[in-house]
């Protein structure tokens, strides 16, 4: 009986979260996006206003989700400006959480996201671009995206693992984010998310946790663009490994703290 009640409760919370997201998407698709597209022909600044408005709406959405409680610590991170955000990938909610926290994000996005009409329009207005692995012009498009972000003093969002974790661990990093940081001499801001792999893990459509599960977002010490001289390939690889190692260590610390909290 208890397990049936728990499943019913988790299903209800999941449906509520999807319902609000779909309702918001309809509002954006019918009103906000068409208005932004029309105004963009006469008012170039509408994109920035659209992105700010979308960020605020997603912030409210995440704050009132009944199945997670966001705990954000930015004390070690950069506050604003153009930089490369490197984030581990635990759930499809990662992108929503980061867009809700960051001012005027842009960056690469997977092809399946561009197949959903409303999300495609939000991504394009937000200067996100297609970046499926294996696309021939990916590096050139990355460079163009970085330049556009620099022009707007925005930040670049990268999930360098390229796919969601299956076991909660941080996987191997692709190098695109680090290559762009070195080429454009941009600071790297590592960000660790923990908890979403338990709330909505890869392959699951229903929330798997009880109550408002704590999801921690930790900004680590940024890496300033005083990168070492030498072969770019070597510098990029060493930088990627340095960032991956620091993020993995932070993940261990977060989970150790969580265990002590649960015992207490």
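The values are calculated or read from the model by the stated rules, or taken from the named source; none is laboratory data. Only a predicted model underlies this, so the values are computations on that prediction, with no experimental measurement involved. Every residue, glycine among them, receives a Cβ derived from its backbone with ideal geometry; neighbour counts consider all protein chains shown.
Points to keep in mind about this one:
- Subset of the stretch 193-219 (residues that are in contact with a helix residue (DSSP H, G or I) (Cβ under 8 Å, 6 or more places away or on another chain) and assigned to a loop (DSSP other than H, G, I, E, B)): 200, 205, 206, 207, 208, 209, 210
- Among the criteria (1) surrounded by fewer than 20 Cβ atoms within 10 Å (Cβ to Cβ); (2) modelled with pLDDT under 90; (3) within 16 Å of residue 107 (Cα to Cα), the one residue 227 does not fulfil is (3).
- Of the residues contained in the stretch 230-248, none is found to be in contact with a strand residue (DSSP E or B) (Cβ under 8 Å, 6 or more places away or on another chain) and part of a loop (DSSP other than H, G, I, E, B).
- Scan of the stretch 166-192 for residues that are modelled with pLDDT of 90 or more, in contact with a helix residue (DSSP H, G or I) (Cβ under 6 Å, 6 or more places away or on another chain) and outside any helix (DSSP H, G or I), ordered by number: 170, 173, 175, 188, 190, 192
- Scan the stretch 193-205 for residues that are farther than 12 Å from residue 94 by Cα and modelled with pLDDT of 90 or more and the total you get is 1.
For every residue, the table says whether it meets (1) within 30 Å of residue 174 (Cβ to Cβ); (2) surrounded by fewer than 16 Cβ atoms within 10 Å (Cβ to Cβ).
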{"residue": "5", "(1), (2)": "no, yes"}
{"residue": "14", "(1), (2)": "no, no"}
{"residue": "30", "(1), (2)": "no, yes"}
{"residue": "55", "(1), (2)": "yes, no"}
{"residue": "64", "(1), (2)": "no, yes"}
{"residue": "81", "(1), (2)": "yes, yes"}
{"residue": "86", "(1), (2)": "yes, no"}
{"residue": "104", "(1), (2)": "yes, no"}
{"residue": "119", "(1), (2)": "yes, no"}
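- Residue match in the stretch 98-108 (condition: free of Cβ contacts under 8 Å to residues at least 40 places away in the same chain, in a helix (DSSP H, G or I) and closer than 25 Å to residue 205 by Cα): no
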